[in-house]
Amino acid sequence: MSKKLITIIGPTAAKKTTLAHNIAKKINGAIINADAFQVYKQINAGVNKPPLEQMQEIDYYFINNVNYWDDWNISIFQREFDIVYNKIISENKVPILCGGSHLYIDCILKGYDLTKTLDQSIIDEIEKWDNQKLYDYIFKYDKISAQKIGINNRKRLIRCVVILKMNDNLPKTVTDIAKNKPKYESLVIMVNKSREILYKDINNRFDKFINQGWINEVKDLIEKYPDIIHTNAFKAIGYQEIANSLINNVQIDLETIKQRTRHLAKRQLTWCNNKFPNKIIYDFNSNNVEYLIKEIIKFYYD
């Protein structure tokens, strides 16, 4: 029998965690956080972690778990997820997977086989390549993927090169790695807003981050931990840009960071719409949580 869980997806600033929290309180749930950056203890102001009082109401996992110098990646997340899932079930609680790092969501719901790994030093070297070199490498072995990704999507270019190297340069997509039957059966709920409201909320949230001391946080971090700028923790949108501006004593281009966040939301919306045709779409402004609760109970306990 498949192991069941509830999954909440959606673009950044859609209030996924707020919905997950409200649901968890009603159904005795626990939240498994699928965010690649909220897991780090040192970064806070720019990654929108839930307030402390909220995390004291129910159990949250994978928030403030590791230091920036610790190993943390999708493979570790997948392994730790299984442990946390079993713990939640043993406590007779309902597991709720929630977050915006969609590869993390995918690896759980599609059952990626991540037993093959690539030495971190090789990954570090790949990340130094410029976009043209990444694109040319992919094009040499997998023209179709290269053309689909394009030259500007650096994150996907790096991921594709890593996958190629893991598989002896045989063309494989991320989906091809899902050779195993998924362990988990999930009810997927997508939090939705109109594009206009979403972009407005992104801009307002960004301004809140700045007013709550994001720039000072980055300043303190690069002074206390000079090497943090070269780690995965600082790949969260805005951290590198703010740090580089502070180091070079130039004005921080806040509008560009906002724009990058809106572009991320657009990609996330595309992913959500394409990957899960049978999802429940929840309009956050409708406030009809009771309908979701009925669907969750029907799915989870049938």
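None of the figures in this text is laboratory data; all of them are computed from the coordinates on show. Source: prediction; values computed, not measured. Because the Cβ atoms are built from the backbone with ideal geometry, glycine has one as well, and the counts that use them run over all protein chains shown.
Within the shell defined by Cβ-Cβ distances under 12 Å, the residues around residue 230 carry a net charge of -1, with Lys and Arg each +1 and Asp and Glu each -1. Annotation: amide H-H contacts under 5 Å for residue 94 (H modelled 1.01 Å from N, sequence separation of 5 or more, or interchain): 29, 30.
Take each peptide in 205-214, 21-30, 49-58, count the other Cβ atoms within 10 Å of every residue, and average; sorted highest first, the result is 21-30, 205-214, 49-58.
Of the residues 272, 122, 225, the one whose Cα sits farthest toward the positive end of the charge dipole of the chain, with +1 on the Cβ of Lys and Arg and -1 on the Cβ of Asp and Glu, is 272. Taking the Cα centre of the stretch 120-176 as the origin, how large is its charge dipole in debye, to the nearest 20, when only Lys and Arg (+1) and Asp and Glu (-1) carry charge on their Cβ atoms? Result for the stretch 120-176 is approximately 220 debye, rounded to the nearest 20.
For the stretch 69-75, backbone phi angles converted through the Karplus equation (6.51, -1.76, 1.60; θ = phi - 60°) give residue-by-residue couplings of 8, 7, 6, 7, 7, 4, 5 Hz, Gly and Pro being listed as x. Protection proxy ranking, highest mean first, for peptides 233-240, 9-16: 9-16, 233-240, where packing is the per-residue count of other beta-carbon atoms within 10 Å, averaged. Dipole size of the chain about its Cα centre, with +1 on Lys/Arg Cβ and -1 on Asp/Glu Cβ: approximately 980 debye, rounded to the nearest 20.
Build a GNM of the chain with springs between Cα atoms under 10 Å apart, and of 184, 135, 199 the one that fluctuates most is 135.
Sorted on the mean count of surrounding Cβ atoms within 10 Å across their residues, most packed first, peptides 66-76, 89-99 read 89-99, 66-76. Electrostatic tally near residue 52: other residues with Cβ closer than 15 Å to its Cβ, Lys and Arg +1, Asp and Glu -1, net -1.
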